[in-house]
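Just so you know, all these numbers are worked out from the coordinates, no wet-lab data involved. No experiment lies behind these values; they were computed from the predicted model shown. Cβ sites come from the backbone with ideal geometry, for glycine too, and all protein chains shown count toward neighbours.
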Amino acid sequence: MFVLGNHSSDFDMAETSRFLVTGAKGCIGAWIIKNLVGQGAAPWVFDVDEKSHRLEALLSPDQMDQIHFIRGDIRRTDDVDRTVGDHGITHILHLAALQVPACAANPPLGAEVNVVGTLNVFEAARRRRDTVKYIVYASSAAALGPEEFYGGMQVGEHAALRPSTHYGAFKQCNEENARIYFETGGISSCGLRPWAVYGAGRDQGMTSAPTKAIKSVMLDRPYTIHFTGRFDMQYVDDVARIFLRCAEARPSGAHVYSLRGAVIQMDDFINALEQVRPGAHRLVHVDGEQLPVAPDLDDSALVRDVGEIPRTPLPEGIRETLRIFEGLQRAGRLDTSDLSS
Ligand SMILES: NC(=O)c1ccc[n+]([C@@H]2O[C@H](COP(=O)([O-])OP(=O)(O)OC[C@H]3O[C@@H](n4cnc5c(N)ncnc54)[C@H](O)[C@@H]3O)[C@@H](O)[C@H]2O)c1
């Protein structure tokens with residue numbers, strides 16, 4: 001097994017595969033790169049951002065030297081196509097996107113990045129089908145409806161979608177386009193639907209608040225989380241490894257899988273943080289409503305198709321996140337600019 005296990009194919013996969021990760025300077029992408037580099041691969045990073053602060057926080061300078069950087073805009077068909085063609089890419093992990101607040105502020109731009117950008121990835125794979133073996137792309141739990149839409153029941157593999165945001169509607173559109181690429185052109189892919197990903201590097205987007213609360217508590221600063229109720233926290237390294245597991249397993253067809261981490265109430269998160277770092281109760285405040293995304297998702301289809309997946313317990317994920325933040329702070333490299341947003 002390439003990423004998770006000790007199988008002898010680890011080396012072959014890292015040696016023979018050429019990974020392109022779009023949006024790899026973002027939170028989840030940076031952790032995917034960290035895992036790939038850790039396995040000896042030399043991946044291609046495709047991102048519009050000039051800065052690499054999340055990657056630099058996770059990787060050593062030597063590891064950074066292992067990465068091929070391509071500055072490109074996912075909205076531009078040629079940028080994507082040329083990158084895939086010029087470098088003989090075999091696996092595309094597509095994460096480049098604007099998040100919920102940015103899509104709400106400018107829906108046409110959101111559609112260009114999130115929908116046209118995803119079409120560009122699939123088009124490149126269609127044109128380069130001799131080399132591209134598989135696409136794993138980030139969908140989102142936000143493609144689903146609110147908890148009430150499912151009568152409070154756990155949401156299964158084939159549940160109807162009823163997104164509450166433009167962002168969720170764009171992700172739904174991507175899932176449908178992926179299906180059509182398979183049905184009309186045989187392009188296999190898998191879309192993953194994370195919920196609230198947390199961990200070092202999670203510094204933007206609606207559900208980044210728990211990670212910002214962890215950072216604030218470490219700094220002994222107050223922080224208010226502006227949503228409450230039931231939600232699902234998924235540790236970023238687990239999510240990154242699931243992307244890679246899917247790239248390795250390459251289930252044929254147009255698959256979409258929900259992810260599942262710790263399905264909890266907001267109070268449970270604050271209690272877990274208090275347990276790991278006493279003082280959290282005093283510093284972390286909560287207001288707002290439950291988010292309009294069903295929190296209780298069944299991930300058995302993912303496990304059925306790609307095997308058992310990593311599930312870091314919440315206290316361990318919080319502890320690991322604190323450890324990384326503390327290390328960055330000691331090195332004078334902790335970015336706190338996200339705490340004001
Ligand atoms: N973080 C979560 O909790 C979560 C939950 C569900 C789904 N997702 C999805 O997972 C993916 C990654 O999430 P994340 O938290 O790492 O996001 P992020 O915002 O940290 O990173 C997104 C990256 O995409 C890049 N990008 C934006 N526009 C681009 C463009 N036009 N061209 C090229 N690159 C561009 C950004 O520069 C950034 O590096 C996204 O598709 C997101 O919608 C994330």
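The table for this structure:
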{"item": "Contour excess over end-to-end distance, with Cα ends at residue 224 and residue 63 and 0.36 nm allotted per residue", "result": "54.4 nm"}
{"item": "For region 91-124 and region 199-259, distance of Cα centres in Å", "result": "19 Å"}
{"item": "Backbone HN-Hα couplings from phi across region 229-240 [Karplus 6.51/-1.76/1.60, Hz, Gly and Pro as x]", "result": "x, 8, 7, 10, 9, 10, 5, 4, 5, 4, 4, 4"}
{"item": "For residue 223, distant residues with modelled amide H under 5 Å away", "result": "284, 285"}
{"item": "Cα gyration tensor shape of region 126-221, rounded if a/c is under 1.5, else prolate or oblate by comparing a/b with b/c", "result": "oblate"}
{"item": "For the chain, with +1 on Lys and Arg beta carbons and -1 on Asp and Glu, the positive-most of 269, 52, 313 along the dipole", "result": "52"}
{"item": "Dipole magnitude of region 17-133 about its Cα centre (Cβ charges: Lys, Arg +1; Asp, Glu -1), debye to nearest 20", "result": "320 debye"}
{"item": "Average projected area [Cα convex hull, the chain], square nanometres", "result": "16.0 nm²"}
{"item": "Cα-based shape type of region 227-327, given that a ≥ b ≥ c are square roots of the gyration tensor eigenvalues and the cut on a/c is 1.5", "result": "oblate"}
{"item": "J(HN,Hα) series, region 198-209, from Karplus relation 6.51 cos²θ - 1.76 cosθ + 1.60, nearest Hz, glycine and proline x", "result": "10, x, 4, x, 7, 10, 8, x, 4, 9, 7, 4"}
{"item": "Only Lys, Arg (+1) and Asp, Glu (-1) charged, at Cβ; the chain dipole about Cα centre in debye", "result": "300 debye"}
{"item": "Efficiency of FRET between residue 250 and residue 308 - r from beta-carbon atoms, R0 22 angstrom, step 0.05", "result": "0.80"}
{"item": "Estimated distance in nm for a label pair at residue 277 and residue 82, the labels positioned 7 Å out from Cα along Cα-to-Cβ", "result": "4.3 nm"}
{"item": "Excluding exposed DSSP-loop GluC sites (Glu not before Pro) (at most 13 other C-beta within 10 Å), longest clean stretch of the chain", "result": "51-288"}
{"item": "Shape call, region 287-326: gyration tensor on alpha carbons, a/c limit 1.5", "result": "oblate"}
{"item": "Acute angle (nearest 10 degrees) that the helix 117-127 long axis makes with the longest principal axis of the chain, alpha-carbon atoms", "result": "30 degrees"}
{"item": "Cα-projected label distance for residue 338 with residue 160, points at 7 Å along beta-carbon direction, nm", "result": "3.6 nm"}
{"item": "Interchain or long-range residues, amide H under 5 Å from residue 334's placed H", "result": "329"}
{"item": "Point-charge dipole on Cβ atoms (K/R +1, D/E -1) for region 212-260, about Cα centre, debye to 20", "result": "80 debye"}
{"item": "Region 22-121: trypsin sites (Lys or Arg not before Pro) falling in loop per DSSP and having at most 10 other Cβ within 10 Å", "result": "51"}
{"item": "Residue-by-residue Karplus 3J(HN,Hα) for region 108-115, coefficients 6.51, -1.76, 1.60, Hz, glycine and proline x", "result": "x, 5, x, 5, 4, 6, 7, 9"}
